[in-house]
Amino acid sequence: STLLRHYHVQCVDGIPHALADSYIPYHLVSKKWQEIKTRSFDTFALLSEVGITVTEKQETLYVDSPNYSERDLLGILTMPGLPVVRLDCVVWSGAQVVEVC
């Protein structure tokens, strides 16, 4: 199955705060493809626009070391020992997985 990847840096007041890497089954949002290609989008809003209701979300937090690319995107290159908190998430609509991030 083809997946739509949404990878971006989330900023608060212009300061990098988090990296988001989400995957959504393409067939769920294919009707919105032209819009997706031309603008930013919120994954929950996108799912809602195509009539998908999120019914469950499982999140797992753990501490890890960011790699070079992640430190660069977060503006913490000079702090290689700084740990980060990772959030792994699986989102369902009924029995169907609609997002993994």
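The phi-based Karplus calculation (6.51 cos²θ - 1.76 cosθ + 1.60; θ = phi - 60°) puts the 3J(HN,Hα) values of the stretch 91-101 at 10, 10, 10, x, 8, 9, 6, 10, 7, 10, 9 Hz, whole numbers, x for Gly and Pro. Placing pseudo-labels 7 Å out from each Cα toward the beta carbon at L87 and L19 gives an inter-label distance of 1.6 nm. Between L4 and I24, Y26, the built amide H atoms are under 5 Å apart, and every one of these is 5 or more places off in sequence or on another chain.
Name the shape class, rounded, prolate or oblate, that the alpha-carbon gyration tensor gives for the stretch 16-68, where a ≥ b ≥ c are the square roots of its eigenvalues, rounded holds for a/c under 1.5, and otherwise prolate holds if a/b is larger than b/c and oblate otherwise. Could you put the intermediate results ahead of the total?
Numbers: a/c = 2.70, a/b = 1.58, b/c = 1.71.
Oblate shape, in that a/c is at least 1.5 and b/c is the bigger or equal ratio.
Near A18, the amide H atoms lying under 5 Å from its own belong to Q10; only residues 5 or more places off or on other chains count, and H is placed 1.01 Å from N.
Here's the list of aspartates and glutamates a cross-link from K37 could span, going by alpha-carbon distance under 20 Å and ignoring same-chain residues fewer than 8 apart: D21, E49, E99. Relative intensity of the chain on a log10 scale, I(q)/I(0) at q = 0.14, 0.16, 0.21, 0.22 Å⁻¹, equals -0.63, -0.79, -1.13, -1.18, per a Debye sum over C-alpha point scatterers of equal strength in the absence of solvent.
Send over a whole-number figure in Å² for the accessible area per residue of the stretch 9-90, probe 1.4 Å.
On the way: 5570 Å² over 82 residues.
Each residue of the stretch 9-90 exposes 68 Å² on average to a 1.4 Å probe.
Secondary-structure-derived ellipticity at 222 nm for the chain, considering helices only, amounts to -5500 deg cm²/dmol, per-run term -39500 (n - 2.57) for DSSP H runs with n ≥ 4.
GNM on the chain, alpha-carbon springs under 10 angstrom: the most fluctuating residue among R39, R71, R86 is R39.
How large, in percent, is the carbon and sulfur part of the accessible surface of the chain at a probe radius of 1.4 Å? Don't skip to the end; give the middle numbers.
Working: 3660 of 6710 Å².
So the carbon and sulfur contribution to the accessible surface is 54 percent.
In order along the stretch 72-86, the phi-based Karplus estimate (6.51 cos²θ - 1.76 cosθ + 1.60, θ = phi - 60°) of 3J(HN,Hα) comes to 4, 5, 8, x, 10, 4, 7, 10, x, x, 6, x, 10, 9, 9 Hz; Gly and Pro are listed as x.
The values are calculated or read from the model by the stated rules, or taken from the named source; none is laboratory data. Being a predicted model, the structure only gives us computed values, none of them experimental. Cβ sites come from the backbone with ideal geometry, for glycine too, and all protein chains shown count toward neighbours. The accessibility values were calculated without ligands, DNA or RNA, using every heavy atom of the protein model including side chains. Shrake-Rupley method; radii C 1.70, N 1.55, O 1.52, S 1.80 Å.
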